[in-house]
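The values are calculated or read from the model by the stated rules, or taken from the named source; none is laboratory data. Since this is a predicted model, take the numbers as computed values, not measurements. With ideal geometry, Cβ positions are generated from the backbone for all residues, glycine too; neighbour counts draw on all protein chains shown. The protein model used for the area step is the full one, side chains on, heavy atoms only, and it has no ligands, DNA or RNA in it. Shrake-Rupley method; radii C 1.70, N 1.55, O 1.52, S 1.80 Å.
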Amino acid sequence: MKSVLDFKARKGGAPISMVSAYTHWEARFLATSPVDCVLVGDSLAVVLDGEPTTFAATPEIMARHTAAVARGLGGQKFLVADFPFLAARKGIAAAVDCAAALMRAGAHGVKIEGIDGHADVVAHLVQSGVPVMGHLGLTPQSMHATGGYKVQGRSAAAAESLLRQARAVEAAGAFGLVLECVPADLAREITAAAAIPVIGIGAGPHTDGQVLVFHDLLGLNPGFNAKFVRAFADGNKTVGNGLASFAAAVSNGSFPSKKESY
Ligand code: KIV
């Protein structure tokens with residue numbers, strides 16, 4: 001999948017796979033993989049930099065990582081980049097600047113958390129030719145307002161509010177929606193009601209696709225074991241074994257060998 005049109009065409013078709021990645025190194029793996037599309041997530045603040053929240057990501061940091069990922073993908077995948085903390089809340093001019101930085105860095109679209117209070121920003125970007133993806137449910141940039149990293153939409157009122165927000169995201173012109181940590185039945189209802197693809201993370205099996213973070217799905221994120229994550233490889237073990245073997249080979253003098261020397 002190389003464009004927003006490819007993405008939109010998959011509504012109701014084969015499920016879409018999306019991976020959140022941050023570096024040129026990860027992007028090179030993704031470029032030659034069957035994964036459909038890539039997100040430069042602001043989760044990079046947590047996963048790469050060890051911050052407790054995503055708040056440390058700035059437009060400049062997101063643009064730098066987006067450029068690195070775009071170079072690694074070499075145009076092989078549809079690429080979305082996250083609007084970081086509060087970037088959609090400083091008015092239309094600031095949002096346009098942020099979108100310009102991310103798109104100039106190589107993104108084909110941007111993802112913006114929430115909708116209430118900035119639907120005009122989303123609509124303005126869409127009308128300016130910037131494909132925008134929504135993000136509802138658990139929105140990490142609002143974690144202090146929503147009581148932490150918790151499943152959202154459990155009560156009837158919260159579910160109704162999420163349905164309303166999903167409709168508002170679509171009405172503003174978004175091309176897709178990420179739905180994070182909501183009950184599977186609610187995700188099914190929102191997906192059925194939406195004409196745009198809904199990509200789930202911790203939202204059960206009934207969405208139009210799934211997104212996971214590169215490090216989580218490869219078992220490379222020691223200590224992070226959220227219920228919605230499946231490790232499709234044992235990266236922690238592989239990396240740990242590799243490092244232990246290197247240290248042992250240095251300490252017993254077997255590395256470097258004659259063949260590895262000039
Ligand atoms: O920041 C991120 O990586 C994300 C995905 C987990 C959806 O927003």
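Quick look at the values:
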quantity: In the range 204-262, the residues that are under 26 Å from Asp185 (Cα atoms), open to solvent by 50 Å² or more (accessible area, probe 1.4 Å) and not in a loop (DSSP other than H, G, I, E, B); calculated: Gln210
quantity: Ala168 open to solvent by 40 Å² or more (accessible area, probe 1.4 Å) and either of a type in the set (A, V, I, L, M, F, W, C) or in a loop (DSSP other than H, G, I, E, B) (or both); calculated: no
quantity: Hits in the range 188-197 - residues which are outside any loop (DSSP other than H, G, I, E, B) and either outside the structural domain of Ala21 (by TED's automatic domain parsing) or touching a residue at least 24 places away in the same chain (Cβ under 8 Å) (or both); calculated: Glu189, Ile190, Ala193
quantity: Helices (runs of 4 or more DSSP H) lying entirely in the range 12-112 (those with 3 or more residues that are of a type in the set (S, T, N, Q) and assigned by TED's automatic domain parsing to the domain that holds Val178); calculated: none
quantity: Leading residue by the ranking (nearest to Val80 (Cα to Cα)) among those in the range 119-134 that are open to solvent by 10 Å² or more (accessible area, probe 1.4 Å) and not in a loop (DSSP other than H, G, I, E, B); calculated: Val126
quantity: Within the range 1-11, tally of residues that are outside any helix (DSSP H, G or I) and charged (D, E, K, R); calculated: 3
quantity: In the range 11-34, the residues that are closer than 18 Å to Ala68 by Cα, open to solvent by 30 Å² or more (accessible area, probe 1.4 Å) and within 16 Å of the ligand (Cβ to nearest atom); calculated: Thr23
quantity: Which listed residue, of Ala107, Ala87, is in contact with a Cys (Cβ under 9 Å, 6 or more places away or on another chain), open to solvent by less than 70 Å² (accessible area, probe 1.4 Å) and within 16 Å of the ligand (Cβ to nearest atom); calculated: Ala87
quantity: Lone qualifier among Ala56, Ala107, Ala67 - being among the small types (Gly, Ala, Ser), on the phi < 0 side of the Ramachandran plot and in contact with a strand residue (DSSP E or B) (Cβ under 8 Å, 6 or more places away or on another chain); calculated: Ala107
quantity: Check on Asp116, more than 16 Å from the ligand (Cβ to nearest atom), part of a loop (DSSP other than H, G, I, E, B), farther than 23 Å from Thr66 by Cα and open to solvent by 60 Å² or more (accessible area, probe 1.4 Å); calculated: yes
quantity: From Gly153, Gly148, residue being closer than 20 Å to Asp42 by Cβ, open to solvent by less than 20 Å² (accessible area, probe 1.4 Å) and among the small types (Gly, Ala, Ser); calculated: Gly148
